[in-house]
Amino acid sequence: MTEPKSSETNSDPALFWKKIWQESHLWEKVVFGFFILAFLGATFQLLNYQKSTVDQRPAPGGVYREGIVGQPRFLNPLYSPANDPDQDIVELVFSGLMKYDGSGNIVPDLAQAYQISEDGKVYHFTLRDNLFWHDNQPLTTDDIAFTVRTIQNPDYKSPLRAGWLGVEIDKISDREIKFILDSPYASFLETATTKIIPRHVWKETPALTFPLAVSSTLSFIGSGPYRFESLDLDNQKKVQALNLEFFSQYYRADRPYISQFVFRFYEDEDALIRGAQRGEIDGFSLTAPELQPDQDDFIAHRLSMPRYFSIFFNPENSRLLAVNAIREALQSSLDQEKLIEQAAPYQGHLITSPILPDFYGFEPPTNGHSYDPEKAGAILDDLGYHLDPDTGYRHQQPAVESDVFTSDLKVGSQNSEVRALQECLAKFPDLYPESEVTGYYGNKTKAAVIRFQEAYAEEILDPWGFSQGTGIVSRTTRVKLNEVCFPKEQQVEELEITLTTIDQPHLIRLAEAIQQQWQDIGIKTNIRYLPSAELENEAVAPRDYEVLLLGQVLGAIPDPLPFWHSSRKREPGVNLALYENDQADKLLEQARATIDPEERQRLLEQFQEILLDDAPAIFLYRLDYLHFVSPSVQGYDLEKITLPHKRFSTIADWYLNTQPDWGR
């Protein structure tokens, strides 16, 4: 019997397949290789097919980089409204009782639920379970009460203070808290979006250093979806980047998908654009729409926002603007669509009312602005302002004033004309050194009249053949007295106004377009440009302007009362047109106190009609907010925002990575 071969080959698969390969013919190797390649190809196709037919779901991971202009300053929710970069960062790091969803609605955030009393004065909030700060300390109503009381304290000088004045705090338990208002306020839920700060971190910080205490990043602790990780500084100690990481104990069961969020800071918008072109960032926004980048590299998300621009008339600084017909002519002469084309071609939406019916779903006005330059010209013609073909501007010849001296005056006369005569002669000490103004024509007055007559003998005495004055105020003497003492202004009065605005590119373009359209119908228009800070201090606060071009922003719940109620005509109010109408005031007050949205809408629509009839302003257009984001970012479901930093309202839903959803 032959001795069996070693079992080593059988027990080692690698040696087995090596022996098979060595003993195979060439044609067998070719066939074998073909089948191997076919198998791998089929497997690859099968995997691709499964990937295309199986639903994909968001997967954790990835880094998102947002580019912004400016530098962080406070990183504190109580002061962040003063600086745009701070607001952007605070939006991700901190949370409020309420927040905005992707449609601009106000929904619970830290709050699990809320109740509003029937009289609209009491708001009762219940917090979610298991809320934590980024340092893993529990978040309770003590933190809510501490935040609000700090805002209310004038020593801390928070720009949020006005929204919390007159609000009483009643802590019920660690999870329940009430706010009692001194009067109903339908927009209080929006006030409740205020970001909360941790009491245990800030309670020992004095008011004087409170705004800057967060320069130590140990104080930069919030409860939002992302928490502080690190700062990148350049050689000049400027912040180049601020790095955030997701907060694993964020209250949402599904953590934010994007693991890291990075803010990169740029000097200006040109530098921001260059950074985008170099691939340094995945998202950014611009205030200058003409700088739009290549659309192939970014998706332009167009977000509706209640930000609009208007022309406000100040009737106290211009007698022309106190005339309703003049304001109507100024309005009818403006082509809003052309203004949008020239100043904001990518973002502008024509409006005719300050309650923004298209944004809030209200009924549009029946008496809105219509472009009719012929009507504007006819109005001005009727008012006596006619077009001068030499200057191209309209002017009005003033009415001829009546003479002051109309009757003969002599010794013994006593009336208002004598007083006017004495006042006139007193202007010339060499003629009337006594300068007495008594209203009685005595010898001193007679002597002064004689001197006056002899001083102008050619015009007064010569026509009568007299060589000496008579001291009697008759026809030729009256003519000269009227001419010398009360000259009539015969100058032509031009129709001229001055428009004041901020020296920003968008508003400069808009102001120049308005100037051209007004001058096209003969209204001479000057433009006064001021930096933003100077505009507030030198023009807006003292109401030192004739016509003001400026933007305003409403909230998620429309409340135009601050802009149009007569009680807000003076600083710190923002009734920039100094508008006053008792009926409009009542409607604004009722709308602010009304919780029912439908009733509030009805009241505001009534207010809208009254305001537009009075024409205290011209409403031009509303601007969308453009957020440029890389196509790699998915889950971006956002339609409306109230402020630019609210573009991060749905950040927890954004994702960069996907994975097959085998469970479906």
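The values are calculated or read from the model by the stated rules, or taken from the named source; none is laboratory data. Just so we're clear, the structure is a prediction, and the values are computed from it rather than from any experiment. FYI the Cβ positions are ideal-geometry reconstructions off the backbone, even for glycines, and counts take in every protein chain you see.
Do we have D614 as farther than 30 Å from I68 by Cβ and in contact (Cβ under 8 Å) with a residue 60 or more places away in the chain here?
Taking the combined requirement at face value, the residue satisfies it.
It is to be established whether one or more residues within region 555-576 are among the hydroxyl-bearing types (S, T, Y), in contact with an Asp or Glu (Cβ under 6 Å, 6 or more places away or on another chain) and assigned by TED's automatic domain parsing to the domain that holds S370.
Within region 555-576, one or more residues are among the hydroxyl-bearing types (S, T, Y), in contact with an Asp or Glu (Cβ under 6 Å, 6 or more places away or on another chain) and assigned by TED's automatic domain parsing to the domain that holds S370.
Of everything in region 245-269 that's closer than 24 Å to Q659 by Cα and in contact with a helix residue (DSSP H, G or I) (Cβ under 7 Å, 6 or more places away or on another chain), which residue is modelled with the lowest pLDDT?
Looking at the filtered set, the residue picked out is R252.
Name the residue that is nearest to Q504 (Cα to Cα), counting only residues in region 319-366 that are in a helix (DSSP H, G or I) and small (G, A, S).
Only one residue fits best here, namely A343.
Within region 481-498, track down each residue that is within 55 Å of the chain's Cα centre (by Cα) and surrounded by 21 or more Cβ atoms within 10 Å (Cβ to Cβ).
Matches in region 481-498: L495 only.
Testing G392 on (1) over 30 Å from I523 (Cα atoms); (2) touching a helix residue (DSSP H, G or I) at 6+ places or on another chain (Cβ under 9 Å); (3) loosely packed, with under 13 Cβ neighbours inside 10 Å, one condition comes back false. Which one is that?
Among (1) over 30 Å from I523 (Cα atoms); (2) touching a helix residue (DSSP H, G or I) at 6+ places or on another chain (Cβ under 9 Å); (3) loosely packed, with under 13 Cβ neighbours inside 10 Å, the lone unmet condition for G392 is (1).
Cβ-Cβ under 6 Å, sequence separation 6+ or interchain: first residue in region 324-351 and surrounded by fewer than 19 Cβ atoms within 10 Å (Cβ to Cβ), partner among the polar types (S, T, N, Q). Which pairs?
Matching pairs, first to second residue: L350/Q336.
What's the total number of residues in region 138-152 that are farther than 16 Å from G163 by Cβ and in contact with a helix residue (DSSP H, G or I) (Cβ under 6 Å, 6 or more places away or on another chain)?
Residues flagged as farther than 16 Å from G163 by Cβ and in contact with a helix residue (DSSP H, G or I) (Cβ under 6 Å, 6 or more places away or on another chain) within region 138-152 amount to 3.
Please tell me if A447 is under 60 Å from the mean Cα position of the chain (by Cα), among the small types (G, A, S) and either surrounded by 14 or more Cβ atoms within 10 Å (Cβ to Cβ) or within 30 Å of L330 (Cα to Cα) (or both). Walk me through how you get there before you give the answer.
Working: under 60 Å from the mean Cα position of the chain (by Cα): no; among the small types (G, A, S): yes; either surrounded by 14 or more Cβ atoms within 10 Å (Cβ to Cβ) or within 30 Å of L330 (Cα to Cα) (or both): yes.
No: the conditions fail for A447.
Filter region 240-285 down to the residues that are surrounded by fewer than 17 Cβ atoms within 10 Å (Cβ to Cβ), touching a Pro at 6+ places or on another chain (Cβ under 8 Å) and outside any loop (DSSP other than H, G, I, E, B) and list them by number.
Result: Q277, single match.
From (1) within 22 Å of the chain's Cα centre (by Cα); (2) buried (at least 19 other Cβ atoms within 10 Å of the Cβ); (3) farther than 30 Å from E598 by Cα, pick out the condition that doesn't hold for R478.
Looking at each condition in turn, R478 falls short on (1).
The rows are residues; the columns are (1) touching a strand residue (DSSP E or B) at 6+ places or on another chain (Cβ under 8 Å); (2) at pLDDT 90 or above; (3) under 30 Å from R319 (Cα atoms).
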site: S333; (1), (2), (3): no, yes, yes
site: I351; (1), (2), (3): yes, yes, yes
site: S402; (1), (2), (3): no, no, yes
site: Q414; (1), (2), (3): yes, no, no
site: S435; (1), (2), (3): no, no, no
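From the list D101, D119, exactly one residue is loosely packed, with under 14 Cβ neighbours inside 10 Å and modelled with pLDDT under 95. Which is it?
On inspection, the qualifying residue turns out to be D119.
Which of the residues belonging to region 176-197 are out of contact with any helix residue (DSSP H, G or I) (no Cβ under 6 Å at 6 or more places or on another chain) and without any contact (Cβ under 8 Å) to a residue 60 or more places away in the chain?
E176, K178, F179, I180
Listed residues R149, R175; which is in the same structural domain as S95 (by TED's automatic domain parsing), of a type in the set (K, R) and closer than 23 Å to D129 by Cα?
Numbers: R149 fails: closer than 23 Å to D129 by Cα.
Of R149, R175, the one residue that is in the same structural domain as S95 (by TED's automatic domain parsing), of a type in the set (K, R) and closer than 23 Å to D129 by Cα is R175.
Assigned by TED's automatic domain parsing to the domain that holds D503 and out of contact with any Pro (no Cβ under 6 Å at 6 or more places or on another chain): is that true of P364 in this structure?
So P364 fails the test.
Any chance region 499-507 includes a residue that's of a type in the set (D, E, K, R) and free of Cβ contacts under 8 Å to residues at least 40 places away in the same chain?
For region 499-507, residues of a type in the set (D, E, K, R) and free of Cβ contacts under 8 Å to residues at least 40 places away in the same chain: present.
In region 514-628, which strands (runs of 3 or more DSSP E) lie fully inside it and hold 2 or more residues that are hydroxyl-bearing (S, T, Y)?
Fully inside region 514-628 and qualifying: 524-530.
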